[in-house]
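Working notes, beginning with the structure itself.
The values are calculated or read from the model by the stated rules, or taken from the named source; none is laboratory data. Predicted model, so just to flag it, every value in this text is computed and none were measured. Note: ideal-geometry Cβ built from the backbone for every residue, glycine included; neighbour counts use all protein chains shown. Ligands, DNA and RNA are excluded from the accessible area calculation, which covers all protein heavy atoms including side chains. Shrake-Rupley method; radii C 1.70, N 1.55, O 1.52, S 1.80 Å.
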Amino acid sequence: MFLDNNRIVSVTANSRGKSCVGTYCGGGGTIEIRLKTRAVGDGGESAEDKEKNAEAERERLEAIREAEERRKEKHRKMEEEREKMRQEIRDKYNIKKKEELPEPVQEEPANPLMRKKKTPEELAKEAEMEEEDEFTKLKNTIETQVNELKSQIESKCNLQ
């Protein structure tokens, strides 16, 4: 543990030197740092290590998701409190509330892993639209060919 510009920094490591856990306190928050390194001469990961790494990754993603949910809930509560205060002010000064505009539709996130999954009904509808497009194309080509044949036959045959 050492002091850096009036901020406490502590670092601990295990005896093998494979992992490092550090905590940085200051600036209104605490940041925890975790580093994992391979020992020199390590030939690769065993199945057990891969499994542990996969589990650690799942836990990390879950922690990120939970933190995001907590953040959204916190902001929702703050917005409710603000709206309550706004309403009290409106009531106090007899101000009418403006018409609420519908919320804009959220855009698809850039990360394809975070996009909304399609329901089976949506997938079936898309497949049907694709088939419909293919059938429409086929129908149009057949109609044009039939009309061409019809005009050729009429030109060759003279009805008396």
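Taking residues in the stretch 109-132 that are over 20 Å from R65 (Cα atoms), and partners anywhere that are open to solvent by 100 Å² or more (accessible area, probe 1.4 Å) and at pLDDT below 70, not one pair has Cβ atoms closer than 7 Å while being at least 6 places apart or on different chains. Going through (1) modelled with pLDDT of 80 or more; (2) open to solvent by 100 Å² or more (accessible area, probe 1.4 Å) one by one, P102 falls short only on (1).
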